[in-house]
Structure formats: structure tokens, C-alpha cells
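Participant: Mind having a look at this structure? Questions to follow.
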Amino acid sequence: MSPPLLQVNDLKKHFPVKTGLFGRKSEWVYAVDGVSFEIARGETLSLVGESGCGKSTVGRAILRLFDVTSGQVILDGQRIDDAHPSTMRQMRQRMQVVFQDPFSSLNPRMRVRDILAEPIRNFGLAKSAADLETRVTALMDTVRLPREALNRRPHEFSGGQRQRIGIARALAAEPELIVCDEAVSALDVSVKAQIVNLLQDLQREFGLALLFISHDLAIVEHMTHRVAVMYLGKIVEVAPRREIFAAPRHPYTKALLSAVPLPEPGAQRNPIILGGDVPSPINPPSGCRFHTRCPYVFDRCRTEEPQLRSAGGEQWVACHLDALPAG
């Protein structure tokens with residue numbers, strides 16, 4: 001097997017929080033607290049979980065939008081978690097991002113032509129002005145937008161069209177990895193399907209690897225190769241799409257999937273209602289972080305943190321139950 005494009009080893013990101021009178025007391029938000037996974041070339045790995053579990057923080061840490069607390073991020077064999085800024089400039093060409101809100105992530109004062117030309121100029125990809133123009137117009141064709149729209153500004157487009165521009169901007173740098181941070185969550189249902197289909201087509205055409213961050217499990221089931229489930233800064237289960245949707249092993253994964261509606265008319269799941277609220281990432285529970293809401297909790301869960309272990313095949317789960325029932 002060829003080595004993975006991206007390796008994340010025991011990644012941690014803790015944010016300081018000042019509390020108390022005059023902010024003298026410092027606490028920490030354990031947003032990401034020991035996350036490990038790999039992404040192969042041309043693969044889609046979906047990172048799922050409730051809001052606040054640390055999904056977006058993982059994506060931003062991989063892109064080095066901020067420094068990590070500890071751990072390793074390795075892109076094609078080269079560590080980038082502690083790379084020099086000059087090295088990061090070269091590495092950022094190889095990994096790009098599509099944000100959740102295309103209106104906020106596009107400069108409202110720039111024409112689409114300039115938005116798409118900017119990364120091409122920054123990374124020196126065009127040999128001439130004519131080559132730059134060819135690349136920009138080709139990007140519009142790639143994301144299925146009319147070339148006549150190049151002189152318009154972002155506010156003149158619909159939300160789905162703006163997201164296509166965001167995807168085109170990411171493609172302009174000719175990346176190998178794209179982080180899609182809730183890239184379809186702000187769109188209407190029909191537009192979501194169009195953008196997801198576009199991403200799949202682009203992945204096949206350019207051999208892209210995708211880290212697809214989402215809480216929409218119906219979309220994830222349609223487009224992903226593997227799924228990593230996060231809860232309160234930890235990955236609790238990783239498995240190929242078929243295995244995780246057919247036979248989830250972790251109690252939290254089971255509860256998440258029980259809330260996904262079935263496509264067949266009249267078909268219903270038996271929803272699993274979890275008690276209590278998600279604990280604060282400032283003061284996470286000891287042992288298994290899910291034990292305060294888990295219907296199978298026992299004494300070991302409260303004191304010992306479970307590690308990801310093989311549950312057979314390519315399925316890995318972090319749970320103390322020796323014989324987790326599948327499904």
C-alpha cells in the first residue's frame with residue numbers, strides 16, 4: 001500500500017480562557033485532545049459529531065491556521081505542525097479549504113476574476129497573462145458557472161453559486177487535499193446535492209483527497225469513503241462508510257445514526273435518546289468522556305480512558321465494552 005497523503009498523530013489543541021477578576025485565573029478549553037487518523041490520496045474521510053465536538057478545530061489545525069498544542073500533522077511525509085513559515089507557504093498550495101459560509105469567505109469588493117486569479121498569482125502557477133486568463137476561465141467551466149460572470153462580485157450570486165466560486169478558488173492552487181468545513185450546511189437541500197455531486201466529480205477528475213467536516217449524516221453516507229466520529233475532542237469510532245452505517249459499534253455512533261431519517265416512505269428508526277447535555281470542554285469528564293450520557297456505562301468507564309481498538313476489519317472503536325453488539 002502507498003503511504004497516506006495526510007497523517008494526524010495525537011493532535012491536541014487547547015485554547016486558554018481567562019476567568020475571574022481581571023482575568024487572572026486561566027483555564028483551558030480542550031477543543032481537540034488526542035486525535036489521530038489518516039487520509040489516502042483520492043479518499044474522502046468524513047469527520048462527524050455534534051456541534052462543539054472539535055471537528056472544525058481539527059480542520060483548521062491541519063491547515064495551520066493556528067499553532068497546535070501538541071501532536072503531529074504530516075503531509076506527504078513532511079511535518080507541517082512545526083514547519084517554518086517559508087515552508088508552510090509551499091505546503092499551503094497543496095492543501096486548501098472550502099468554508100461553511102461562502103459570503104463571509106469571499107472578498108465582497110473583488111470581482112470573481114480577481115478572486116480566482118489571486119491564488120494563481122500567489123503561487124506563481126501562470127506563465128503569462130494569457131495563461132492566467134485561460135486558467136481563470138477554465139475554473140469557471142470546471143465548477144459549472146458561466147464565464148460571463150467573471151466580472152461580477154459575490155453579492156450578485158446565490159448561495160450555491162458563491163460556494164462554487166469558493167470551490168473554484170480552492171482548485172486554483174492545484175491542491176492535493178481540500179478541507180470542506182461544513183461546506184454544504186448553509187445551503188438548501190437541492191443545492192446541497194448539486195454541490196456534493198460537484199465535489200465527487202472534481203475528486204474523480206483531479207484525484208483530490210477530501211476531509212469532509214459535517215454534522216449531516218445523510219450527506220456523509222452519500223459521498224464518503226470512511227467516517228471518523230468525534231465526541232468532545234476525541235475520536236470514538238473510525239470505519240468505512242458501509243460498516244459504520246450498517247453496524248455502528250460505539251454507543252454514541254449508534255445514537256447519532258438513529259436520528260438519521262430513512263429514505264423509504266413510512267420507514268422509521270428507533271431513536272436512541274441520550275440523557276443530559278454534552279459536558280463542557282473546559283472540564284471534560286474523567287475516563288471515557290461519553291460515560292455521563294452512555295446507556296451502557298459501568299465503573300471502568302468513569303476512571304479509565306478507552307483507546308481506539310480494532311473491532312474487526314477496518315473498524316476501530318474506543319469503548320470498554322468487551323463485546324459491543326453490532327448494529
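Participant: May I ask you to verify whether residue 241 is closer than 30 Å to residue 143 by Cβ, touching a His at 6+ places or on another chain (Cβ under 9 Å) and either among the β-branched types (Val, Ile, Thr) or modelled with pLDDT of 90 or more (or both)?
Facilitator: Yes: the conditions hold for residue 241.
Participant: Take segment 212-250 and flag every residue that is surrounded by 23 or more Cβ atoms within 10 Å (Cβ to Cβ) and assigned to a helix (DSSP H, G or I).
Facilitator: The one that is surrounded by 23 or more Cβ atoms within 10 Å (Cβ to Cβ) and assigned to a helix (DSSP H, G or I): 244.
Participant: If you don't mind, another one. Which residues, counting only those in segment 26-54, are closer than 16 Å to residue 100 by Cβ and buried (at least 23 other Cβ atoms within 10 Å of the Cβ)?
Facilitator: Scanning segment 26-54 gives 46, 47, 48, 49, 53, 54.
Participant: Which number in (1) out of contact with any helix residue (DSSP H, G or I) (no Cβ under 9 Å at 6 or more places or on another chain); (2) free of Cβ contacts under 8 Å to residues at least 12 places away in the same chain; (3) not polar (S, T, N, Q) marks the one condition that residue 65 misses?
Facilitator: Here residue 65 clears every test but (1).
Participant: Which members of segment 135-165 meet the condition of being touching a Pro at 6+ places or on another chain (Cβ under 9 Å) and surrounded by fewer than 17 Cβ atoms within 10 Å (Cβ to Cβ)?
Facilitator: 153, 155, 159
The values are calculated or read from the model by the stated rules, or taken from the named source; none is laboratory data. None of the values given here were measured: they were computed from a predicted structure. Neighbour counts run over all protein chains shown; Cβ positions are idealised from the backbone, glycine included.
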